[in-house]
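Okay, structure first, notes after.
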Amino acid sequence: MLKIWDEKDYDPRWRRFIRKAARAVIMSDSGKIALVKSRKEGFYKFPGGGIKRGESHTDALIRETREEAGLKIIPKSIKELGMFWEIRKSVYDREIFDQRSYYYLARAEAKRLSPRLEPYEKSLGFRLEYVDLNVAYEANCNTKDFLSNNFLRRETWVLKELIDRGPLLEG
């Protein structure tokens, strides 16, 4: 478990919507991290996304990283890093949003493929970048909607954890 982030801004009797996601932490040999940058908003996020019903975490990680970043993960390199569990009021009335983000350390093949972005990802100008952890962390902290954007606060918290845990990323 990386972190449990419970906003406690909901009624526990409300319906609970559970969403699971797999997210890749891919470090280059030069010590930079592969992240998806929004050219429109300026933030960085880990490649990854929702796990479909019946899909394994590994399959989702490989699929989502390929779609968002154009990177092909080497399956035997995948190692569990931990889960970030968010619980908060949903944007929908009287619903609890229960997001479980599973982060995995992985390596990717050197060859980059063309990403297969969703329309909203295209509108945000998603692009793969290898960037220094500290640069990505600072960029996210300075993003206009940082304090009100839950996913951005989660991704930034994980970046800070990776900065603090540095040696875990080696090997």
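The values are calculated or read from the model by the stated rules, or taken from the named source; none is laboratory data. Owing to the predicted nature of the structure, the values given are computational and were not obtained by experimental measurement. Here Cβ is always computed from backbone atoms with ideal geometry, including for glycine, and neighbour counts include all displayed protein chains.
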message = Condition first: assigned to a helix (DSSP H, G or I) and buried (at least 23 other Cβ atoms within 10 Å of the Cβ). Now tell me which residues in region 69-84 satisfy that.
response = ALA69
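Taking LEU35, is it part of a helix (DSSP H, G or I), surrounded by 15 or more Cβ atoms within 10 Å (Cβ to Cβ), in contact with a Phe, Trp or Tyr (Cβ under 9 Å, 6 or more places away or on another chain) and modelled with pLDDT of 95 or more?
Details: part of a helix (DSSP H, G or I): no; surrounded by 15 or more Cβ atoms within 10 Å (Cβ to Cβ): yes; in contact with a Phe, Trp or Tyr (Cβ under 9 Å, 6 or more places away or on another chain): yes; modelled with pLDDT of 95 or more: yes.
Spelling it out, it is not the case that LEU35 is part of a helix (DSSP H, G or I), surrounded by 15 or more Cβ atoms within 10 Å (Cβ to Cβ), in contact with a Phe, Trp or Tyr (Cβ under 9 Å, 6 or more places away or on another chain) and modelled with pLDDT of 95 or more.
Give the residues of region 113-171 that are of a type in the set (Phe, Trp, Tyr) and closer than 24 Å to ILE62 by Cβ, sorted by residue number. Talk me through it step by step, then tell me what you get.
Taking region 113-171 first, the residues of a type in the set (Phe, Trp, Tyr) are 120, 126, 130, 137, 146, 151, 157.
Scanning region 113-171 gives TYR120, PHE126, TYR130, PHE151.
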request  = Could you check, for region 10-20, whether at least one of its residues is in contact (Cβ under 8 Å) with a residue 40 or more places away in the chain, in contact with a helix residue (DSSP H, G or I) (Cβ under 6 Å, 6 or more places away or on another chain) and outside any loop (DSSP other than H, G, I, E, B)?
outcome  = no
ask   = Mind checking which residues of region 126-145 are touching a residue at least 24 places away in the same chain (Cβ under 8 Å) and in a helix (DSSP H, G or I)?
value = LEU133, ASN134, ALA136, TYR137, ALA139, ASN140
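Look at ILE62 and say whether it is in contact with a helix residue (DSSP H, G or I) (Cβ under 9 Å, 6 or more places away or on another chain), buried (at least 16 other Cβ atoms within 10 Å of the Cβ) and more than 18 Å from MET1 (Cα to Cα). First the steps, then the outcome.
Numbers: in contact with a helix residue (DSSP H, G or I) (Cβ under 9 Å, 6 or more places away or on another chain): yes; buried (at least 16 other Cβ atoms within 10 Å of the Cβ): yes; more than 18 Å from MET1 (Cα to Cα): yes.
Criteria met by ILE62.
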message = Quick check on my filter: what residues within region 122-171 are more than 11 Å from PHE46 (Cα to Cα) and of a type in the set (S, T, N, Q)?
response = SER123, ASN134, ASN140, ASN142, THR143, SER148, ASN149, ASN150
ask   = In region 14-31, which residues are surrounded by 13 or more Cβ atoms within 10 Å (Cβ to Cβ) and modelled with pLDDT under 95?
value = MET27, SER28
